[in-house]
Amino acid sequence: MTNLLTLEAEDVLSSVDALRRRVRSDRNLHWLPLALFSTLTLVSAPLYYRWQWSIPQAVSCYRSGGHYVVTCAGYDRLPASGILTQGFTLNSLGTWLSFYWIAGLIMVSLVIAQWYRTRSNRMGLRMHRWPIVVTTMSLLAIAWIKSSPGDIRPPFSASSHVWDAGATPLWIVVIGLWILVWPERSITSVVFGVGFSAIVWGVSEYPAAGFLRWDGLGGWVTNSNFDVYTVVLPGIYLVLGALFVSARCHDQRRRLRQRGY
Amino acid sequence: MSDTRHDVAEFTSSLNDLVHQRTRLGILTIVQEGGKVDFGYLQDALGLTGGNLSQHLTVLQAAGLVHIDKGYEGKRARTWVSKTKAGSRALRDEVSALKALVAHIEGIGS
C-alpha cells in the first residue's frame, strides 16, 4: 500500500517537473536576442577603426604611460572625410558611430519585441514584449539628455557626463539582456547575464592596454579610454551565448519529446 | 503498523482532492510557469480533448484557482488561462504535501 502510494506520488511529482521543464523550454527564446545583440556589437567593431590613410603623416599619436591618454600632434589637422570617419575625433566615438548605435539598438529592440509577439502567439504562451523596447528607448533618451547638457549632441560622446568610457551602448545591451531574463526564467540566462555584465564592466574599466598589457592594434583606438576589443570581446561572448542557449534549448526539447511531453 | 498507517493517512489527508487530480495539477503547473496560457497550448501539453479540458477548467475556475479570459486576436477566437493567487498557493501546497508524503514513506522503508 505504502509502496503504491510512493510510486504514485513520485510519478505525479515527476509529471509536474516535466511539464514545468516543457513550459520553460518553450519560453526559451533567448538565442535570437543574443544573436542580434552580438551582430550589432561585432558589426560596430570596424567602425571604431580609424583609417590610417585618412590621417595625415603629420599626425602621430602615442599613449602616455599606463594611463589611457592619447596625445596627438597635428590632431587639429585630422580630415573629417569618409563615411566611417566622418565626425570622428580621437577623443570621441563620433557622430556616425553614435547614430549607428542609436539606430541599431532601436531596431534590435523592435525586432526582439516582434519576435516575442510572433512566437508567443504561435505557441500560445503570452509573453510581455514591450519592456525591452521601453527600456532601450528610455536608456537612449537618458544617455542623450545626459550627454548634451547645454546643446543637442548625439549621445555616447566622450564629453558625455555619464559612462564616458564609450561603453554606454554595451551597458544598454547589458540592461536589455537583464530585462529578457524575466520571460526566460532560466538559470542559464541569469548566469549568462552575470558573465556578460562582468565582461562589459571589465572592458570598460580596464582597457586592453592596461588589462592585457597590450597596446592594441595600430589605428584601432578611437577614444582615450576605448579600444576595439571593448566591443569584440563582449560580441564574441554574445555569439557563444547564442550558440550555447540554442543548442541547450534544442537538446531539452528533444529530451522532453522522448519522454512524451 | 497501525501507527504507520495512521501517519500515512495523515499525510494523504493533506492532499487537496480538487487539485490532486493529475490533469488539474498539470493545468496549474503549466499556468504557474507560463503566466497566461492559451487553451490550445494546454490541450497539446496535456494531450486532452477540448471538451475534457473545458470540464477541468470549469472546475478550477469555479474554485477560484484559475482565471479564464476569452477574446479575439484579429479574427481568431482565443481563450487565455492564467493563475490566481489561490491557484498558486494550492499548487505549492499540493506539491509540498506530495514531497512530504514521499519523504515520509521512504523514511518508514529505510
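Tabulated data for the structure shown
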read-out	value
Search result, residues across segment A:1-48 that are in contact with a helix residue (DSSP H, G or I) (Cβ under 7 Å, 6 or more places away or on another chain), more than 10 Å from chain B (Cβ to nearest Cβ) and modelled with pLDDT under 80	A:Ala45, A:Leu47, A:Tyr48
Leading residue by the ranking (modelled with the highest pLDDT) among those in segment B:66-109 that are more than 12 Å from every other protein chain (Cβ to nearest Cβ) and in a loop (DSSP other than H, G, I, E, B)	B:Thr84
Residues within segment A:97-147 that are among the basic types (Lys, Arg) and more than 23 Å from A:Arg185 (Cα to Cα), tallied	1
Some residue of segment B:11-22 being touching a Phe, Trp or Tyr at 6+ places or on another chain (Cβ under 7 Å) and either basic (Lys, Arg) or at the interface with chain A (Cβ under 8 Å from one of its Cβ atoms) (or both)	no
Test result for B:Glu33, under 22 Å from A:Arg185 (Cα atoms), facing another protein chain (nearest Cβ under 10 Å) and modelled with pLDDT under 90	yes
Only one of A:Ile187, A:Ile172 that is at pLDDT 80 or above and touching a helix residue (DSSP H, G or I) at 6+ places or on another chain (Cβ under 8 Å)	A:Ile172
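The values are calculated or read from the model by the stated rules, or taken from the named source; none is laboratory data. Because the structure is a prediction, the values reported are computed rather than measured. We place every Cβ from the backbone using ideal geometry, glycine too, and count neighbours over all the protein chains shown.
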